[in-house]
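Have a look at the structure below, then the notes.
The values are calculated or read from the model by the stated rules, or taken from the named source; none is laboratory data. Remember, it's a predicted structure, so these values are computed and weren't measured experimentally. When the accessible area is computed, the model is the full protein with side chains, heavy atoms only, and any ligands, DNA or RNA have been set aside. Shrake-Rupley method; radii C 1.70, N 1.55, O 1.52, S 1.80 Å.
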Amino acid sequence: MGKHHKDTLHAGENEKGSHVSNAPADENTPAVLVLADGKVFRGRGFGATGTTLGEAVFTTAMTGYQETLTDPSYHRQIIVATPPQIGNTGWNDEDSESHDGRIWAAGYVIRDLSRAPSNWRSRRTLVDEMVEQGLIGIRQVDTRAIVRHIRDHGAVAAGIFSGEDAARPVDELVEIVRAQPSMAGANLSEEVTAGETYVIEPEGEAKATVVAYDLGIKANTPRELAKRGARVVVVPANTPYPEIKKEHAPDGVFISNGPGDPATADAMVQVAKNAMDDGMPLFGICFGNQILGRALGLSTYKMRFGHRGINVPVKDHVTGTFYITAQNHGFALEGEPGKSFDTPWGPAKITHTCLNDDTVEGVALESGMAFSVQYHPESAAGPHDAHNLFDDFMALMDRAGSNNQEGQN
């Protein structure tokens, strides 16, 4: 089984009422999904048993459930899967997106569970890993109805109660769900960030040093930079900019994806401001996009049900290009498509927006020294459309380095 066993409480262990039993669910284990608005869905448990709390969200991704469950951006979220069957590729030792293989999702809601995995890389079943890591799930529920409810009413606090907990009175369960902390105002990046600095060495000749701020970074992100010759120094969230400049002398700074409310990320906003003051090339994705946007003077808000999937269409207003992107975010920047605005570092622009709802999907300084997107270019799991952003960042660092050398001469 997996090597990354969790403590007694699953991801979201600080939420009142969450606990995990040592007994795995069997074919007949009762389970119930309870939403804070009183909606109840009864089914069967799978994985671990007990109680888990979080925000109920849905993802439209048809593949990549291992990457989804291990994405730190899903911390404190109960994921509703839209595919009709889950578990058919099992669980392998390569595709987890957390640095240590940990499952970060708070719970898993599916329609049908595959009876047996069928994939040449599979090492164990999804259920094996869920039991090992204490992830509570519910199956045999109408996930289409749940998704429609979330789309109509917005992402909502929820709880999965599996085993003996499922027999408790519904009114009591609803009160437990409602008592959990809200996602609005939640500072979660400090809960998922790496405890210490680590380095991903470049493939081949080292062309640049990148300091990557881990706010819940996915494992494939530093790998994509390393493929292009970057030595990636991954540092904990909120590490002061003067410290990383003195200790690592980076050629560029990267700010990662992660969970939580960007309105709480004041320390990281200051890092972005310090980097721009210093003329340091800066690239952010997802949570990093919201941090750069805040540093440039934009405000943020909590979305109705967020964007979660691997098929979200985005328009680049600078080039006119359309991308199909992988996304996972419940907060966004305020702004209008293509709008330019003034900042202390020169003019900036809303560079990208979602074609579904005009949500801001990217911002940049018009000088090119800082840019960010709301989606995931590392394509794990998802499309490869946005891989060029890593190339753009490498090219930016190369140009900035050349300009610095000319200035010194």
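Measure nothing fancy, just the Cα-based angle from helix 143-153's long axis to the longest principal axis of the chain, in degrees from 0 to 90, nearest 10.
The angle comes out near 60 degrees.
How many percent of Cα pairs in region 135-175 exceed 13 Å?
Pairs farther apart than 13 Å: 65 percent.
Calculate, for region 194-287, the solvent-accessible area per residue in square angstrom, rolling a 1.4 angstrom probe over the heavy atoms of the protein chains.
Value for region 194-287: 35 Å² per residue.
Would you please classify the overall shape of region 20-144 from the alpha carbon gyration tensor, given that a ≥ b ≥ c denote the square roots of the eigenvalues, rounded means a/c under 1.5, and beyond that prolate means a/b larger than b/c while oblate covers the rest?
Rounded shape, in that the Cα axes give a/c under 1.5.
So what is the orientation-averaged projected area of region 168-281, using the convex hull of its C-alpha atoms, in nm²?
Here the figure is 8.8 nm², rounded to one decimal.
Given LYS273/LYS315; LYS207/LYS245; LYS315/LYS349, which pairs have Cα atoms separated by over 23 Å?
LYS273/LYS315
Please turn the phi angles of region 208-224 into ³J(HN,Hα) values with the Karplus equation 6.51 cos²θ - 1.76 cosθ + 1.60 (θ = phi - 60°), one per residue in order, whole Hz, x for glycine and proline.
Values, residue by residue: 6, 10, 10, 8, 9, 7, 8, 9, x, 4, 7, 4, 6, 5, x, 5, 5 Hz.
I want to verify the translational diffusion coefficient of the chain in µm²/s; compute it with Stokes-Einstein, Rh as the Kirkwood radius over Cα pairs, at 20 °C and 1.002 mPa s.
Calculated translational D: 99 µm²/s.
For region 71-190, what size does the Cα cloud have along each of its three principal axes, sorted from largest down, in whole Å?
Over region 71-190, Cα extents along the principal axes are 45, 35, 30 Å.
Pull up the DSSP beta bridges for the chain and report the antiparallel fraction as a percent, rounded to 5.
In the chain, approximately 65 percent of DSSP beta bridges are antiparallel ones.
Calculate how steeply helix 266-277 sits against the longest principal axis of the alpha-carbon atoms of the chain, using the helix alpha-carbon long axis, and give the answer as 0 to 90 degrees to the nearest 10.
The answer is roughly 20 degrees.
Is the shape of region 211-258 best called rounded, prolate or oblate, per the rule: a/c under 1.5 gives rounded, else a/b larger than b/c gives prolate, else oblate, with a ≥ b ≥ c the square roots of the Cα gyration tensor eigenvalues?
Oblate, since a/c reaches 1.5 and b/c is not below a/b.
Quick check on region 268-409: take the gyration tensor over C-alpha atoms, sort the square-rooted eigenvalues as a ≥ b ≥ c, and tell me if it's rounded (a/c under 1.5), prolate or oblate.
prolate
So what is the diffusion coefficient of region 323-374 in µm² per second by Stokes-Einstein at 10 °C and 1.306 mPa s, using a Kirkwood Rh over Cα pairs?
It comes out at roughly 138 µm²/s.
Springs between alpha-carbon atoms under 10 Å, Gaussian network over the chain: tell me which of LEU389, LEU35, LEU126 tops the mean-square fluctuations.
Between LEU389, LEU35, LEU126, it is LEU389 that shows the largest mean-square fluctuation.
Between region 117-195 and region 41-96, what is the separation of their alpha carbon centroids in Å?
Each part reduced to its Cα centre gives a spacing of 8 Å.
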